[in-house]
Amino acid sequence: MKLATITNWAYGGTVALTLLSGMTMILASNAGERERSAIEQRYRLDQATETLDEDVFALSDRARQYLDTGDPTYRLVYYREAAALGSVEQRIAGIRDVGATADELNSLKEAVRWADTLRDEQRAAIAAFDTNDKQRARAIVFGGEYERELDRIRSLIERFQYRLDQRTEAQVAAATAVARAWKGASEAALAITALLFLFVLYFVFRQRVLKPVVRLSDIVNRLAAQDYAVEPPDISRVDEIGDMAQAIRVFRENGLERQRLQEERDADRLQRDLLSRMTQRMQGCDTLHDIGEIARRFIPEIAPDLAGRLYLLDAKRNAVVEACHWLDPKQSRHEFAPSACWALRRGLPHRPGAATIDIPCEHLDVEDRLAIDTLCLPLIAHGETFGLLYLERAPGSPETGSTSENYLTMLAENIGLAIANIRLREQLRAMAMGDALTGLGNRRQLDATLAQVLSDAQRADLPVSCLMLDVDHFKRFNDSFGHDAGDVVLREVGAALRDSVRDRELAFRYGGEEFLILLPGLDAQQAAARADHIRERVAGLTLDYNGTRLGAVSVSVGVAAVPVHCTADRLVQTADAALLRAKAHGRDRVEVAATRHGRNVA
């Protein structure tokens, strides 16, 4: 007989004995419940009989108290309690309800009838006492005959109680015997079940644990030493030994799987380190070109099976322009409109060639776009889109990529955040270096730009000219039309100056209504011609404020050049002196600084 068959029979016997013991315990519990019910019924019958006994002898006590004291209160109490008593059936109904038998009730009825007979004698005694025949009244309720009748009633009640005691004691004894019998049977069944269970446990432990462990201990020890090259024995029998061998095989496979997972964790840790290092490098970038160089260097290491491009959003041209690429991507164009990419439209990653069917992007430059597996990741930070990270499977790479899409999403988030930081720094720098009203550079920007322009001109041996401009009679606009109208004048003059130079970063608001323009590479004569052109352009402005014509606007211009008129460190002061001379000579004119005897004269 097989080991499994023996074990199954033992299990079946254990289950059967367990059910049998459970049934005997239930029957023992039911017998105990009957015992408790019999005791409870006895208690209720005692209470009901005690109440009846009190009712029978209470009227005698009231009548005797009245005859002894003559107090009419006892007479009233007597008649009230007598009236409260019902018929014999009513008075024993409660005892019948709690379980008294008919034979027992008949003896009780006889006692109640004798008590009702005494009630007539009690009333006769009360009537005699009320007519001052006290001797006769006392002879009735205190006489020997009356006492004998009371004893007869008491004897009948005690006989009734005795019969109740006999019956309830018999019921309790029978219920107790049955309960003990079933309890003994349940304990015997539990003992047999426990013995059989211990036998089965010992048999299973010996046959299914000890022998397989002994036979397979060598293999287990080798596997414990992580020697996963060992081959478990090929045991194909369908029993516990075969299960143990299968467990060892599973353990070996799990060990191999753990080795594979450890290799994946190592690769994952490497990718995390690369991603962290890339993020740190990007946080130190100052320009978008640096971002592109870092992405071109790190992304092929993070995702070696994916070629791609990094695009930046050019808001002025409404175009997405390539910043860099790696591993020679073939599918996506170098430049396209933002609407050509579904990722930029939705602000979410878009992968049309994956397991989920989706619409391919229009910037894919292939005929059959449905067959291309690409991934577009929008570069978003602080709720603003800055570009796109485009990825495609590199030539010769496996169909299933080794890089998790979660890492690619993190990569895009880090690049987007780095671009956002650079854009934010550029905005802050523009705010710090620019004039909010005119959009021109401020004094701080002038100081930085002037030093660079003069240094470049000195190395190239080229002249540098400076135009200092002042809006004529500017106070008139503020006094006549208000400061908002003055702001309109300054804003329009600033726009005219910005459009009059090739490099807009060379025009500055010097302060108040004064402006300054640097003209590197132009000598004094060319600068004077440019200044006159600017003056005429400003004079041609037509300015309105809230429907009111502000009138003509003119500027006075002072021109100075290095090295003709002054040294580099005196360029702005020399142009300012020429401007003062233009204002002194009538305004709306251009004055060029002059040099006499090696000294600057304005």
Checking Ser60 against (1) open to solvent by less than 80 Å² (accessible area, probe 1.4 Å); (2) touching a helix residue (DSSP H, G or I) at 6+ places or on another chain (Cβ under 8 Å); (3) modelled with pLDDT under 75: exactly one of these is not met. Which one? (3)
Confirm whether Glu513 is without any contact (Cβ under 8 Å) to a residue 24 or more places away in the chain and within 22 Å of Arg476 (Cα to Cα). no
Working only within segment 298-333, note down all residues that are in a loop (DSSP other than H, G, I, E, B), open to solvent by 40 Å² or more (accessible area, probe 1.4 Å) and closer than 18 Å to Met410 by Cα. Pro304
Checklist (1) surrounded by 16 or more Cβ atoms within 10 Å (Cβ to Cβ); (2) over 24 Å from Ala593 (Cα atoms); (3) touching a residue at least 60 places away in the same chain (Cβ under 8 Å) applied to Leu446, failing item: (2)
Scanning segment 334-348 residue by residue, those under 18 Å from Glu413 (Cα atoms) and open to solvent by 60 Å² or more (accessible area, probe 1.4 Å) turn out to be Trp342, Arg345, Arg346, Leu348
Taking segment 449-467 as the search range and keeping residues that are in a helix (DSSP H, G or I) and surrounded by 13 or more Cβ atoms within 10 Å (Cβ to Cβ), which one is farthest from the chain's Cα centre (by Cα)? Gln458
From the list Tyr11, Tyr43, pick out the single residue that is modelled with pLDDT under 75 and either loosely packed, with under 14 Cβ neighbours inside 10 Å or in contact with a strand residue (DSSP E or B) (Cβ under 7 Å, 6 or more places away or on another chain) (or both). Tyr43
Quick one: would you say Ala191 is closer than 30 Å to Gly22 by Cβ, at pLDDT 80 or above and surrounded by fewer than 13 Cβ atoms within 10 Å (Cβ to Cβ)? yes
By residue number, the members of segment 134-164 that are aromatic (Phe, Trp, Tyr) and under 21 Å from Lys109 (Cα atoms) are Tyr146, Phe160, Tyr162
Take the residues of segment 364-390 that are farther than 16 Å from Ser339 by Cβ, at pLDDT 90 or above and aliphatic (A, V, I, L, M): which is surrounded by the most Cβ atoms within 10 Å (Cβ to Cβ)? Leu379
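Within segment 218-242, restricting attention to residues that are of a type in the set (Val, Ile, Thr), surrounded by 11 or more Cβ atoms within 10 Å (Cβ to Cβ) and part of a loop (DSSP other than H, G, I, E, B), which residue is modelled with the highest pLDDT?
Val230
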Please verify whether Ala245 is open to solvent by less than 30 Å² (accessible area, probe 1.4 Å), in a helix (DSSP H, G or I) and more than 20 Å from Thr385 (Cα to Cα), treating the condition exactly as stated. yes
Could you check, for segment 505-514, whether at least one of its residues is more than 60 Å from the chain's Cα centre (by Cα) and of a type in the set (Asp, Glu)? no
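Inspect segment 63-86 for any residue being assigned to a loop (DSSP other than H, G, I, E, B) and at pLDDT below 75 and give the result as yes or no. Outline the logic, then answer.
Just the residues of segment 63-86 that are assigned to a loop (DSSP other than H, G, I, E, B), to begin with: 70-71, 85-86.
Cutting the leftovers down to at pLDDT below 75 gives us 85-86.
Yes; the residues of segment 63-86 include at least one that is assigned to a loop (DSSP other than H, G, I, E, B) and at pLDDT below 75.
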The condition from (1) open to solvent by 50 Å² or more (accessible area, probe 1.4 Å); (2) β-branched (Val, Ile, Thr); (3) part of a strand (DSSP E or B) that Val564 misses is numbered (3)
For segment 349-361, give me each residue that is assigned to a strand (DSSP E or B) and open to solvent by 50 Å² or more (accessible area, probe 1.4 Å). none
Scan segment 521-538 and report the pairs whose first residue is part of a helix (DSSP H, G or I) and whose second residue is of a type in the set (Lys, Arg), with Cβ atoms within less than 8 Å and a gap of 6+ or a chain change. Arg535/Arg589
If we keep only residues of segment 104-129 that are exposed (fewer than 14 other Cβ atoms within 10 Å of the Cβ) and over 18 Å from Asp61 (Cβ atoms), then the residue modelled with the lowest pLDDT is Asn106
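The values are calculated or read from the model by the stated rules, or taken from the named source; none is laboratory data. Worth saying up front: this structure is predicted, and the values here are computed from it rather than measured. Glycine gets a Cβ as well: all are built from the backbone with ideal geometry, and neighbour counts include every protein chain shown. In case anyone asks, the SASA skips ligands and DNA or RNA and just uses the protein heavy atoms, side chains included. Shrake-Rupley method; radii C 1.70, N 1.55, O 1.52, S 1.80 Å.
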